[in-house]
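Everything on this sheet refers to the single structure shown next.
Derivation of every value follows stated rules applied to the coordinates shown; laboratory data play no part. Source: prediction; values computed, not measured. Every residue, glycine as well, gets a Cβ built from its backbone with ideal geometry; the counts of neighbours run over all protein chains shown.
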Amino acid sequence: MSVRGLTCLVLALSVTASSAQTAQTSQSANRWRKTAPESFRANAQVTGTGGGVASGLTIQIDKYTSDADHAALVKALKEGGNGAFVSTLKTSPVVGKVTMGDRTFTIRWARQQIKGDSRRIAVATDSPVFFAGAGAVDAKPTAGFDIAVLEFTVDSIGLGKGSMAAAAHVKPGGPTGVQVDDYSGKRIDLVTVTRNSS
Amino acid sequence: MSRLPRPFRRTAALIIAAAIASLLPPPVAAQSSKVKQGMPEIFNGRARVATETARGDVYWNIQIDSYTPEKELKGMQQALQSGGSAGFVEALKKAPVAGHLKIGDKTFTIRWARKQPSKNGHVISLVTDGPVYYVGAGLPDAKPREGYDVAVIRIDLDSSNTGTGTMAAAARVKAGGASGVEIEDYGAEPVKLVSVMRMIS
C-alpha cells in the first residue's frame with residue numbers, strides 16, 4: 001500500500017488565473033455567488049485486487065471558507081507543515097459536515113473554483129473519515145493521517161464526480177504547492193455526485 | 001462504509017452457533033478425518049459485507065489438500081479446553097497444513113479442515129492460522145485487534161456442491177457457553193460467503 005500523492009487535489013490553495021480567465025470567471029461567479037448553503041450526495045467506490053466497496057455519503061456546505069481563514073491555513077501549511085495545518089484547521093470555523101450513515105464529520109475548510117459552467121469544490125474535515133485497507137493483517141499505522149479531503153466537480157445542473165482522500169496527510173510540495181497523501185495510497189472515487197435541490 | 005461503522009463500535013462477542021457446531025466433535029460415523037480421494041477440493045466464491053448503506057465484495061478461492069485427521073482435531077479441542085484461546089491457537093499453528101485461502105494477492109494457511117455430511121449435502125468448517133481481515137478496523141475509533149488470531153469459515157454445500165457460508169474473518173475461539181466452544185468475531189457480524197461453488201477438476 002504505497003502512499004501516492006494526490007496532487008492537484010486542493011484547488012484553491014494555489015489558484016492563479018489569467019486576466020482573460022478572470023473576466024470569464026467573473027461572469028460565472030455571479031451565477032454561483034449564492035451557492036451556500038448547499039449539499040451534495042455522492043456514491044463512494046473503492047476497488048482493489050479482488051473486489052470493492054461502495055457507499056453513499058452526503059456533503060453539506062453551510063458556507064465557504066473566507067479568504068482570511070483560508071490564508072491562515074495556507075500560512076500554517078507553508079510554515080509548519082501537516083502538524084500546523086491540522087492544528088489550524090481544527091480551530092477554523094465549522095463550515096459544513098460530511099455524513100456517512102450515522103457518522104458525521106465536521107468540515108472546517110471548503111472552497112470552490114469556478115471553471116466555465118462548472119465548479120470544482122474541495123472540502124477538508126477535521127478528522128479522518130475512513131482508513132481504507134486498515135483492516136488488513138499487515139496494515140500500516142494510521143498515525144499522521146488526521147483529516148479527510150474531498151474534491152469534486154459539478155456542472156451547472158449539479159451533476160459531477162470527484163475523489164476522496166478519506167484519511168489524509170497534507171504537506172507543501174508538488175505542482176500546486178500542496179500535496180495530499182492518502183493512507184491507502186489510492187483515492188476513493190466519488191461517482192455520480194449530485195447537488196441536492198434546496 | 002456509511003452504515004458499516006455503527007456495528008463496529010460494539011464490542012460484544014458474536015457467537016456463531018453454526019460454526020460452533022461445526023467445531024464440536026462430530027458423531028463417529030460422520031467423521032471423514034482424512035479423505036485423500038478427490039483431493040484437492042477447490043472452491044470459489046465471493047465474500048460480502050453488506051449493510052443498509054454500504055456493501056463490499058471480494059472474490060476468494062479455497063483449496064483443501066486434505067481434511068484434518070481426527071487425532072489432530074481432538075488435540076486442538078483439548079488444547080482449547082485446557083489452555084483456552086491461546087492454547088487453541090498454539091495447537092492450531094502446530095497442526096499440519098490442510099489447505100489455503102486466497103483473497104486477492106494474499107494467501108492464508110488453513111490448519112483445521114473438517115467435512116461433515118448435512119441434510120442437503122455437506123458442511124465444511126475451516127480455521128486459518130491467522131486472521132484474514134479485521135472488518136471495521138478502518139474506522140477512526142476501531143477497537144484493538146489483539147486476541148483475534150484466527151479466521152473461522154463455514155461452508156454449506158448442497159448435493160451439487162454449490163452453496164453459501166459465513167466467515168469470521170478475525171476471530172477468537174474460546175472455551176465456554178452451552179456448547180463448550182464460542183467464536184468471537186472482531187467484526188459485528190460474520191462475512192457472508194455467497195456464490196460458493198466447488199470447482200470440477
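General remarks:
- When only alpha carbons are used to place a centre, region A:56-83 and region B:128-201 end up 42 Å from one another.
- Straight-line reach from B:Lys74: taking Cα to Cα under 15 Å and skipping same-chain neighbours fewer than 8 places apart, the aspartates and glutamates in range are B:Glu90.
- What the Cβ-Cβ distance of B:Tyr59 and A:Ser87 gives, at R0 = 41 Å and to the nearest 0.05, is a FRET efficiency of 0.45.
- Taking packing as the residue-averaged number of other Cβ atoms within 10 angstrom, the listed peptides A:101-107, A:144-150, B:141-147, A:159-165 run from highest to lowest as A:144-150, A:159-165, A:101-107, B:141-147.
- Net charge of the neighbourhood of B:Val123, taken over other residues with C-beta under 12 Å away and scored Lys/Arg +1, Asp/Glu -1, is +2.
- On the beta carbon distance between B:Ala86 and A:Val191, with R0 = 45 Å, the FRET formula returns roughly 0.50.
- Local electrostatic count, B:Glu182, Cβ distance below 11 Å [Lys/Arg +1, Asp/Glu -1]: 0
- The aspartates and glutamates whose alpha-carbon is closer than 15 Å to the alpha-carbon of B:Lys106, local same-chain residues fewer than 8 away aside, are A:Asp138, B:Asp129.
- Those lysines that a straight Cα-Cα span of less than 26 Å connects to A:Lys75, excepting residues fewer than 8 apart in one chain: A:Lys63, A:Lys90, A:Lys97, A:Lys115, A:Lys171
- Local net charge near B:Gly45, Cβ-Cβ under 12 Å (Lys/Arg +1, Asp/Glu -1): +3
- Each label was represented as a point 7 Å from its Cα along the Cα-to-Cβ direction; for B:Gln78 and A:Asp67 these points are 8.1 nm apart.
- FRET efficiency, B:Gln116 to B:Glu146 (Cβ-Cβ, R0 30 Å, nearest 0.05): 0.40
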